[in-house]
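Peer 1: Below: one structure in structure tokens.
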Amino acid sequence: MNKRKLEQEFWDFVTMITLFFVCTVIFAFTKLAPLAAVCWIMFLFFASVYPVKWIIQFILFLLKRKKGE
């Protein structure tokens, strides 16, 4: 994968995680529990899905590299 693409994907991930976490905190303090819960669920979803995706991409990269040698 291209280094620039990986950096962009990483910073997109950081932005999404930060956005959902900040929204969770804001909604929790303003007593909007349902919205806070939705933001928290999205935070946990993206925080778990993206690293798994990157691990799978890395494993596939290693397998392709090993196959090419």
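No lab work stands behind these numbers, since they all come straight from the coordinates. Since the model is a prediction, treat every value here as computed from it, not as a measurement. Neighbour counts run over all protein chains shown; Cβ positions are idealised from the backbone, glycine included.
Peer 1: Can you work out the PRE-style zone for Arg65? Point 7 Å along Cα to Cβ, and I want the residues of the stretch 1-30 with backbone N under 12 Å.
Peer 2: Output list for this probe position: 1.
Peer 1: Also, quick follow-up: Based on other C-beta atoms within 10 Å, arrange Ile17, Ile55, Ile26 from fewest to most.
Peer 2: Ile55, Ile26, Ile17
Peer 1: Across the stretch 3-68, how many lysine pairs, 8 or more positions apart or on different chains, have C-alpha atoms separated by under 25 Å? Please give the number.
Peer 2: Count of close lysine pairs: 11.
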